[in-house]
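Here the structure is laid out as structure tokens; the discussion comes afterwards.
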Amino acid sequence: MIVDLALYRHGKREPGLLDLADALEAARGPDAFVWIGLHEPSDEELDSVRQEFELHELAVEDALHAHQRPKVETYGSSLFVVLKTVRYLSGTNRLEFAELQLFVGYDYVVTVRHGQSSALGGVRSRLEQRPDLLAIGPSAVLHAVMDHVIDDYLPVVDALDADLQEAVAEVFTPERTNPAEQIFDLKRNVLDFLRNTEPLSDAFAALSAQVGDLVDDRMTEYFRDAHDHLLRVVARLQSDSTLLSDALAANLANISVRQNEDMRAISAWVAIAAIPTMIGGIYGMNFEYMPELDEPWAYPTVLAVISLLCFFAYRHFRRVGWL
């Protein structure tokens with residue numbers, strides 16, 4: 001569906017409603033452009049937009065099917081930009097990705113949102129309060145949308161960092177827990193996030209090649225600032241990925257140590273139990289001639305010897321850390 005359709009001239013929104021069939025014609029003239037916002041458009045709606053703005057059929061096909069990687073492609077006198085938005089689902093500790101696409105020409109911007117991607121109503125409102133930026137044209141809208149998407153990454157990275165610290169603390173807790181599944185899920189989330197953000201660096205490089213053409217020179221510093229924010233996000237995700245790999249290795253080592261401790265404890269108790277077993281086995285052989293069998297103190301003495309031997313064995317295993 002068409003969420004919003006507006007004509008901007010000299011950095012200000014023109015009043016009144018604008019029909020799609022008249023959009024491009026209305027944008028003809030100096031310092032004017034049209035911005036149309038679509039959310040999960042039907043094939044017919046997107047085809048109408050394609051015909052009105054003469055969009056390239058390959059870019060429109062990508063917009064219809066979505067599931068594209070972040071990129072910037074040039075089709076004649078227009079840019080096709082794909083961005084990935086992300087939401088953190090706190091109830092399930094999972095990330096949900098959606099797609100946001102932009103068609104940018106000299107006198108138009110078409111934004112296409114798929115799924116629960118970031119709404120752009122706030123971006124449009126903020127830009128309309130900055131006529132100096134809107135007067136620059138479609139490249140100002142492109143920057144505002146990209147900057148908005150990257151800024152939305154930061155709370156998600158913060159949430160992942162918090163989960164990561166909790167998982168790492170779980171690895172080294174005195175309690176006998178195994179957070180391997182939690183760490184693996186976090187690792188998968190971080191890698192998915194990286195896969196949907198790292199290609200944006202190439203997109204910014206592609207935009208730099210368009211400076212002076214489809215991208216206004218005055219927006220260069222703004223795009224550089226947004227790129228810097230993106231690099232910080234990617235650096236944090238790469239650091240998290242490394243730390244999670246180390247946490248998985250540490251958790252595995254911790255489990256191995258616990259297993260070794262369990263085996264030593266079991267072996268120590270088996271050794272202690274072997275003492276009365278051995279002595280009892282000897283006296284249970286029913287030989288006719290065995291020492292002290294006829295003495296009244298023999299049985300208590302044997303029990304005392306067994307107890308002392310078990311006690312000294314227990315003391316020894318305690319001292320060497322097996323118990």
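The values are calculated or read from the model by the stated rules, or taken from the named source; none is laboratory data. Quick caveat: nothing in here was measured; it's all calculated off a predicted structure. Cβ placement follows ideal geometry from the backbone for every residue including glycine, while neighbour counts extend to all protein chains displayed.
Output the residues belonging to the range 56-115 that are at positive phi and either among the polar types (S, T, N, Q) or touching a helix residue (DSSP H, G or I) at 6+ places or on another chain (Cβ under 6 Å) (or both). Full working, then the answer.
Applying the first criterion (at positive phi) to the range 56-115 yields 66-67, 76, 93, 115.
Once the filter is applied, which keeps residues that are at positive phi and either among the polar types (S, T, N, Q) or touching a helix residue (DSSP H, G or I) at 6+ places or on another chain (Cβ under 6 Å) (or both), the range 56-115 yields only Asn93.
For the range 91-116, how many residues meet the condition of being assigned to a loop (DSSP other than H, G, I, E, B) and within 24 Å of Leu7 (Cα to Cα)?
Applying the first criterion (assigned to a loop (DSSP other than H, G, I, E, B)) to the range 91-116 yields 91-93, 105-107, 115-116.
Retained after the next criterion (residues that are within 24 Å of Leu7 (Cα to Cα)): 105-107.
Total meeting the criteria: 3.
To keep it simple, each residue is scored yes or no on (1) in contact (Cβ under 8 Å) with a residue 40 or more places away in the chain; (2) part of a helix (DSSP H, G or I); (3) not assigned by TED's automatic domain parsing to the domain that holds Gly37.
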residue	(1), (2), (3)
Gly122	no, yes, no
Leu127	no, yes, no
Tyr153	yes, yes, no
Leu160	yes, yes, no
Arg176	yes, no, no
Glu181	no, yes, no
Phe184	yes, yes, no
Val190	yes, yes, no
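Identify the residue in the range 108-129 that is among the charged types (D, E, K, R) and in contact with a Gly (Cβ under 8 Å, 6 or more places away or on another chain) and, among all such residues, is surrounded by the most Cβ atoms within 10 Å (Cβ to Cβ).
Applying the first criterion (among the charged types (D, E, K, R)) to the range 108-129 yields 113, 124, 126, 128.
Going one step further and asking which of them are in contact with a Gly (Cβ under 8 Å, 6 or more places away or on another chain), we end up with 113, 124.
Working: Arg113: 22, Arg124: 20.
Here the answer is Arg113.
Just checking, which of Leu133, Leu164, Leu95 is buried (at least 16 other Cβ atoms within 10 Å of the Cβ), touching a residue at least 60 places away in the same chain (Cβ under 8 Å) and within 14 Å of Tyr222 (Cβ to Cβ)? Full working, then the answer.
Values: Leu164 fails: within 14 Å of Tyr222 (Cβ to Cβ); Leu95 fails: within 14 Å of Tyr222 (Cβ to Cβ).
The unique qualifying residue is Leu133.
Between a first residue in the range 230-255 that is touching a residue at least 12 places away in the same chain (Cβ under 8 Å) and a second residue that is among the charged types (D, E, K, R), which pairs have beta carbons less than 6 Å apart while being 6 or more apart in sequence or on different chains?
Once the first residue is touching a residue at least 12 places away in the same chain (Cβ under 8 Å) and sits in the range 230-255, its partners that are among the charged types (D, E, K, R) give Val234/Glu198; Leu244/Lys187.
Being at negative phi and not in a helix (DSSP H, G or I) is the filter here; which residues of the range 209-238 pass it?
Ala209, Gln210, Val211, Asp213, Leu214, Val215, Asp216
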